[in-house]
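Reviewing the structure listed below.
The values are calculated or read from the model by the stated rules, or taken from the named source; none is laboratory data. If you're wondering where the values come from, they're calculated on a predicted model, not measured in any experiment. Here the Cβ positions follow ideal geometry from the backbone for every residue, glycine too, while neighbour counts run over all protein chains shown. Heads up: the accessible areas ignore ligands, DNA and RNA and are worked out on the full protein's heavy atoms, side chains in. Shrake-Rupley method; radii C 1.70, N 1.55, O 1.52, S 1.80 Å.
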Amino acid sequence: MTCIFWHIVAHELPAEILCEDNDLVIFKDINPAAPIHFLIVPKKHIDSINGLDEKNAGIVSKMVLAAKRMAEQHGVQSGYRLMINTGREAGQVVYHLHMHFMGGWGRKPVIR
Ligand code: 5GP
């Protein structure tokens, strides 16, 4: 099973990668819905929350802890939103488990 995130995780397609470890890759969403919008993506392919079981569900706590670290690093501990769309009716478009990290609403806009 391949999908666009699988290719990003494998470095076969470009993305603005912020960090990576043995389990996760974190990159900027191509179409941000918040001033800060990252995607926290497991390296191992799992379609969605529906594909979790007792053996692989530990990845979700790693995703949440990565989100906490991102909030610290980007100075948005005062408010951020984590979202996992699951299934077509909820708006899931990419069938490779991912958590949206959104925040930064309190920041001043950048004037160019
Ligand atoms: P979903 O609706 O499946 O939860 O969210 C998929 C997200 O992936 C969307 O917010 C969309 O903007 C983002 N996305 C889709 N394709 C790409 C891509 O090729 N690169 C990056 N960085 N983000 C993508």
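Out of all the residues in the range 54-71, which are part of a helix (DSSP H, G or I) and either open to solvent by less than 90 Å² (accessible area, probe 1.4 Å) or in contact with a Gly (Cβ under 6 Å, 6 or more places away or on another chain) (or both)? First the steps, then the outcome.
Keep residues of the range 54-71 that are part of a helix (DSSP H, G or I), which gives 58-71.
Across the range 54-71, the qualifying residues are GLY58, ILE59, VAL60, SER61, MET63, VAL64, ALA66, ALA67, MET70, ALA71.
Quickly run through the range 12-23 and pick out the residues that are away from the ligand (no atom under 13 Å from the Cβ) and surrounded by 10 or more Cβ atoms within 10 Å (Cβ to Cβ). First the steps, then the outcome.
To start, the set of residues in the range 12-23 that are away from the ligand (no atom under 13 Å from the Cβ) comprises 19-23.
The answer is CYS19, GLU20, ASP21, ASP23.
Among the listed residues ILE46, ILE36, ILE8, identify the single one that is near the ligand (Cβ under 9 Å from one of its atoms), among the β-branched types (Val, Ile, Thr) and open to solvent by less than 30 Å² (accessible area, probe 1.4 Å).
Values: ILE46 fails: near the ligand (Cβ under 9 Å from one of its atoms); ILE36 fails: near the ligand (Cβ under 9 Å from one of its atoms).
Of ILE46, ILE36, ILE8, the one residue that is near the ligand (Cβ under 9 Å from one of its atoms), among the β-branched types (Val, Ile, Thr) and open to solvent by less than 30 Å² (accessible area, probe 1.4 Å) is ILE8.
Going by what's in this entry, would ASP29 be described as closer than 23 Å to ALA15 by Cα, open to solvent by less than 40 Å² (accessible area, probe 1.4 Å), modelled with pLDDT of 95 or more and acidic (Asp, Glu)?
Details: closer than 23 Å to ALA15 by Cα: yes; open to solvent by less than 40 Å² (accessible area, probe 1.4 Å): yes; modelled with pLDDT of 95 or more: yes; acidic (Asp, Glu): yes.
Judged against the criteria, ASP29 is a match.
Within the set of pairs 6 or more residues apart or between chains, which connect a residue that is small (Gly, Ala, Ser) inside the range 26-41 to a residue that is more than 9 Å from the ligand (Cβ to nearest atom) with Cβ atoms less than 9 Å apart?
Final answer for the pair search is ALA33/MET102; ALA34/TYR80; ALA34/ARG81; ALA34/PHE101; ALA34/MET102; ALA34/GLY103; ALA34/GLY104; ALA34/TRP105.
Find the residue count for the range 72-112, including only residues that are within 16 Å of the ligand (Cβ to nearest atom) and either closer than 20 Å to TRP6 by Cβ or not in a helix (DSSP H, G or I) (or both). First the steps, then the outcome.
Quick first cut of the range 72-112, residues within 16 Å of the ligand (Cβ to nearest atom) only: 80-104.
Retained after the next criterion (residues that are either closer than 20 Å to TRP6 by Cβ or not in a helix (DSSP H, G or I) (or both)): 80-88, 91-104.
Within the range 72-112, residues that are within 16 Å of the ligand (Cβ to nearest atom) and either closer than 20 Å to TRP6 by Cβ or not in a helix (DSSP H, G or I) (or both) number 23.
Taking the range 75-105, which residues are out of contact with any helix residue (DSSP H, G or I) (no Cβ under 7 Å at 6 or more places or on another chain) and open to solvent by 50 Å² or more (accessible area, probe 1.4 Å)?
Across the range 75-105, the qualifying residues are GLY75, SER78, ARG81, MET83, ARG88, GLU89, ALA90, VAL93, TYR95, TRP105.
With respect to ILE49, is the statement that it is at pLDDT 95 or above and within 10 Å of the chain's Cα centre (by Cα) true? Show your work before the answer.
Values: at pLDDT 95 or above: yes; within 10 Å of the chain's Cα centre (by Cα): no.
Criteria not met by ILE49.
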